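Working notes, structure below.
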Amino acid sequence: MRRVAVIGTGHSKFCFNSPKTSLEMLAEVSLDAMNEANITPKDVQAINVGNVLGPFEEGQGMIQSFFANDIGCFNVAASRFEGACASGSMAVRDAVMWVASGYYDIMLVGGTEKSTAMTTGLATRTFAMYGDSRYEFPSGFTFPAVFALLAHLYSNQYNIPLATLKEQMAAVSVQSHEYAMKNPNAQIQKPITKEDVLKSFMVSTPIQLQDACPFSDGAAAVVIASEEVAKKLVKRPVYFAGLGQASSGKLSSQYKYLPRIRARELASQQSYRMAGLTPQDMDICELHDCFSIAAMIAAEGLGFFEYGKSGAAWEKGETRLGGKIPINISGGLKAKGHPIGATGVSQVYEITRQLRGDMAEQGRQVEGAKYGIVDTLGGDGVLLSMILTNQ
Amino acid sequence: MDYKHTFWHKLRTGHLWLQYCPACARYVFYPRERCPHCWEAQLDWQPLSGMGRIYSYTVVRVSALPEFQPPYIYALVELDEGVRLATNIEDCPLESIQVGMPVRIKMINREGHEALPVFVPA
């Protein structure tokens, strides 16, 4: 397999109620990514797009082929990926494998979502479609409820009093808001305190509003190319070193490991193994913090902290710039925003720019970063892991 | 086989029936083609005791799903026979619920389901 690099990146501001359509947002960031990669649309041999709820949001399915033509990539192969919140990461991983195999030299990967075009009722109903519809939805399945169950389980299994756990969860949200204020693309640009989190309204015990990411609109794109092509086109390619993907069944049937998500551990082990690296080698991480408790579970599953210890790590600042492993220095899903089809691509954008040293001007650069890891969770069951490097 | 239909249809007897694997003597939830533990193909349907414990839970305070009026308790119940299912806990003061609490099954009628298994404190 050939080495594959990110050679161009584009990212919209994530927001509530974008005046643009999913296609317009995606076209704009894709043109940015192509400009940065020093290519034109005719150089793009194939396109992958992450988009989850387009049919419900805008009455628009099959967005990928219209998108290809909108940006002047006429008649190329264009594929849409749907794996709930991990759709964008699936689109990236798949494209990397096509280029690694030698089938294509240059691909464009984008993700776009316009979740806020739906009413809250429709959004809640359609998001619940990514849990089990046959045996879990009839009891009132919602995603806050799933992570709330995991929070109670986490408290119980690791013997952490709920009040202590709630403070730790609040620390996760507080840190994300702080870094989002340095990220011009972030949806939420205001600081919050622990007290704000603990005072926010209860969604599903013990999860409160400020433990949860918002509904978002937004898009992100990257151009990827083989190493040989990348070196001709750009000065600072950022390479994919490891890839992993695994699946789990519905929550009730995940027997031995909860609140750990076993598929995440398997996916990240695949990517560490492929890269020949360990969690200790990572300099920065973007992980899937759809809820504060989800961030804690993810950081443990990726091997950064012992089980039951990540909340304390957040409180001690080990996840901050200069800490043991800087996590979600973008603001994360919590404050950067979570346009579900775009999220995985946005995470790759963030790690790429960190590894290129581009974040200094925003005051959130991880100095000397060589290796970064992306972690994305889709619904109950799609887990993606990707390691990137500037080495 | 039409597993989903069989699962919901058998609940109308007033009991929870699940697939049972005679080869490894374990119950299987959710219903499927083969035993997930030993890959046995011939699974029976057996009634369960309907007794179990709360594995974890949440009190849903906000929901925009029209079928579900908050507050309601969404829970994973671990049955005495060793399987877990997602369900609701009813007839239970919200402040008294906790992980590990013993519960028993109760069949209710909810829109779209003539017999839906929920659990109440045992």
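Out of segment A:100-114, which residues are of a type in the set (S, T, N, Q) and either surrounded by fewer than 24 Cβ atoms within 10 Å (Cβ to Cβ) or not assigned by TED's automatic domain parsing to the domain that holds A:L23 (or both)?
A:S101, the sole residue that qualifies.
Does segment A:290-300 include one or more residues that are aliphatic (A, V, I, L, M), closer than 27 Å to A:A225 by Cα and in contact with an Asp or Glu (Cβ under 9 Å, 6 or more places away or on another chain)?
No, every residue in segment A:290-300 fails to be aliphatic (A, V, I, L, M), closer than 27 Å to A:A225 by Cα and in contact with an Asp or Glu (Cβ under 9 Å, 6 or more places away or on another chain).
Just one of the numbered conditions (1) in contact with a helix residue (DSSP H, G or I) (Cβ under 8 Å, 6 or more places away or on another chain); (2) not assigned by TED's automatic domain parsing to the domain that holds B:P93 is not true of B:Y57; which one?
(2)
Find all pairs meeting these conditions: Cβ atoms under 8 angstrom apart; at least six residues apart or on different chains; first residue within segment A:110-126 and under 17 Å from A:F143 (Cβ atoms); second residue part of a strand (DSSP E or B).
Matching pairs, first to second residue: A:E113/A:D217; A:E113/A:G218; A:E113/A:A219; A:S115/A:D217; A:T116/A:D217.
Name every residue in segment A:148-171 that is β-branched (V, I, T) and facing chain B (nearest Cβ under 9 Å), in order of residue number.
none
Criterion first (more than 23 Å from A:T124 (Cα to Cα), of a type in the set (V, I, T), more than 9 Å from chain A (Cβ to nearest Cβ) and without any contact (Cβ under 8 Å) to a residue 40 or more places away in the chain) does B:I108 satisfy it? Don't jump to the end; show me each part of the working.
On the way: more than 23 Å from A:T124 (Cα to Cα): yes; of a type in the set (V, I, T): yes; more than 9 Å from chain A (Cβ to nearest Cβ): yes; without any contact (Cβ under 8 Å) to a residue 40 or more places away in the chain: yes.
In short, yes.
Among residues belonging to segment B:44-79 that are closer than 19 Å to B:I108 by Cα and among the polar types (S, T, N, Q), point out the one that is farthest from the other protein chains (Cβ to nearest Cβ).
Across segment B:44-79, the extreme among qualifying residues is B:S49.
Does A:A145 meet the test of being more than 7 Å from every other protein chain (Cβ to nearest Cβ), modelled with pLDDT of 90 or more and within 27 Å of A:G308 (Cα to Cα)?
So A:A145 fails the test.
Only one of these is touching a helix residue (DSSP H, G or I) at 6+ places or on another chain (Cβ under 8 Å) and within 14 Å of chain B (Cβ to nearest Cβ): A:S268, A:S204, A:S226. Name it.
Going through A:S268, A:S204, A:S226 in turn, the sole match is A:S204.
Results for (1) among the polar types (S, T, N, Q); (2) in contact with a strand residue (DSSP E or B) (Cβ under 7 Å, 6 or more places away or on another chain); (3) touching a residue at least 40 places away in the same chain (Cβ under 8 Å); (4) not assigned by TED's automatic domain parsing to the domain that holds A:S330, shown as yes or no for each residue.
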residue	(1), (2), (3), (4)
A:F14	no, yes, yes, yes
A:M34	no, yes, yes, yes
A:V44	no, yes, yes, yes
A:N69	yes, no, no, yes
A:F74	no, no, no, yes
A:A78	no, yes, no, yes
A:A84	no, yes, yes, yes
A:S87	yes, yes, yes, yes
A:V92	no, yes, yes, yes
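Inspect segment A:85-100 for any residue being within 14 Å of another protein chain (Cβ to nearest Cβ) and within 20 Å of the chain's Cα centre (by Cα) and give the result as yes or no.
no
For segment B:80-105, name all the residues that are crowded, with 17+ Cβ neighbours inside 10 Å and either outside any strand (DSSP E or B) or away from chain A (no Cβ under 11 Å) (or both).
B:E81, B:V83, B:C92, B:I97, B:V99, B:M101, B:V103, B:I105
With surrounded by fewer than 24 Cβ atoms within 10 Å (Cβ to Cβ), farther than 21 Å from A:Q254 by Cβ and of a type outside the set (D, E) as the only criterion, which of A:P214, A:P206 stands out?
After applying the criteria, what remains is A:P214.
Filter the strands (runs of 3 or more DSSP E) completely within segment B:1-69 down to those with at least 1 residues that are within 19 Å of A:A145 (Cβ to Cβ).
Fully inside segment B:1-69 and qualifying: B:51-60.
Check whether at least one residue in segment B:26-33 is facing chain A (nearest Cβ under 7 Å), within 19 Å of A:K250 (Cα to Cα), in contact with a Gly (Cβ under 7 Å, 6 or more places away or on another chain) and crowded, with 19+ Cβ neighbours inside 10 Å, and report yes or no.
Checking segment B:26-33: not a single residue is facing chain A (nearest Cβ under 7 Å), within 19 Å of A:K250 (Cα to Cα), in contact with a Gly (Cβ under 7 Å, 6 or more places away or on another chain) and crowded, with 19+ Cβ neighbours inside 10 Å.
Filter segment A:105-135 down to the residues that are more than 13 Å from A:C85 (Cα to Cα) and of a type in the set (D, E), then identify the one that is modelled with the highest pLDDT.
A:D105
Can you pull out the residues in segment A:129-142 that are out of contact with any Lys or Arg (no Cβ under 8 Å at 6 or more places or on another chain), touching a residue at least 12 places away in the same chain (Cβ under 8 Å) and more than 7 Å from every other protein chain (Cβ to nearest Cβ)?
Correct list: A:Y130 only.
The values are calculated or read from the model by the stated rules, or taken from the named source; none is laboratory data. Because the structure is a prediction, the values reported are computed rather than measured. Cβ coordinates were reconstructed from backbone atoms using ideal geometry, including for glycine residues, and neighbour counts include every protein chain displayed.
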